[in-house]
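Every number in this text was worked out from the coordinates using simple rules, so none of it is lab data. Nothing here was measured: the structure is a model prediction, and the numbers come from that model. With ideal geometry, Cβ positions are generated from the backbone for all residues, glycine too; neighbour counts draw on all protein chains shown.
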Amino acid sequence: MLGRQTHDAILIVDDDFDFARGLGRLITKGFPGQAVLVKHDGPSAFALLQERPFALMITDMRMPGMDGFALLEQVRVIAPALSVVVLTGFRHHRHGGIGPKGRRL
């Protein structure tokens, strides 16, 4: 966890520990004082989202267990106004450019 607890915090969710930590540091360097929390899987991120509000969630699309889209679908139930960025390091993915509920990416 980086930063302090505020309502404008950013949550980063990525199973790649180094990438998640690096992205968190990049954000806090560019936006001093910005609270950034990091989780490495969908279930722990969802549990944290149930405990406190966030301004933004940045999540990896491909993670073992609960992927980014499954996480997004659950998050939309408890925090429908949350801004979300879904990232992937893969050129081709199993969703084929289609997001949740058939929406084109």
Any idea what the dipole of segment 10-91 comes to, in debye rounded to 20, about its Cα centre with Lys/Arg Cβ at +1 and Asp/Glu Cβ at -1?
280
Sequence-distant residues sharing a close amide H with Ala35 (under 5 Å, placed H):
Arg4, Ile10
